[in-house]
Amino acid sequence: VTPSSRQPQHPPYAARIKDDAKVGTEAKVGSAKAKQPPTLLDHKLFGSTFVDDITIPDNSSVEAGSKVVKTWLIKNTGSATWTKEVKVMNLKTGHLEDGVAAETQPGEQVEVSVNLNIPVVPGKYRSASYSLAYRGKSFGHHFWAIVKAEDRTQRESSWDKVPDGKRRRRSSLATGLGWIRRLFS
């Protein structure tokens, strides 16, 4: 073997890259069905606007420690059609959840939902902010949930059942002045 007759050694993928590059640059050569390199949509084409709460409006009372599904109505305000590649992104963690279930044309509205775990300690809470995302990059309005977590078992136990079906709240004043109640019974 002489040095001039020896072929240069390339990794096996080098020829494939070269051939793919030719196909991409020669789109009209041979036939109209020549392969084009895949095009990605520009993130500037995506837009969304919060429209309404479908489930659990802000400041709703929910049971502490429960699991709920929060659903928002979101409008596509961009110029690109949303596909299943549009997901719901938790902006605090970056976690992507299932998003748009069907194609959504610009100007159309769609419901998006997330599962929320309500804290066990009673109080008023705001969830993490969410946004829609295309290929991991968020776009449009942010949306969230605000709830009042209540301990419903404690609230129910502070009431006594009265024989005639009426309910009354127990208080130290009522128990201390029980003799007045007996006068009017």
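In terms of overall dimensions, region 32-150 has a Cα radius of gyration and Dmax of 16.5, 65 angstrom.
Amide H contacts of LEU132 (H built 1.01 Å from N, in plane; Pro and chain starts excluded): MET89, PHE139 sit under 5 Å, all sequence-distant by 5 or more or on other chains.
For region 83-137, the set of GluC sites (Glu not before Pro) satisfying both a DSSP loop assignment and a count of at most 16 other C-beta atoms within 10 Å is given as GLU85, GLU103, GLU108.
Residues whose amide H lies under 5 Å from that of ASP151, counting only those 5 or more places away or on a different chain, are ALA64; hydrogens are built 1.01 Å from N in the peptide plane.
Quick note: the coordinates plus some simple rules give every number you see, no bench work behind them. Quick caveat, the model's predicted, so the values are computed rather than measured. Please note: Cβ atoms are built from the backbone with ideal geometry, for glycine as well, and neighbour counts cover all protein chains shown.
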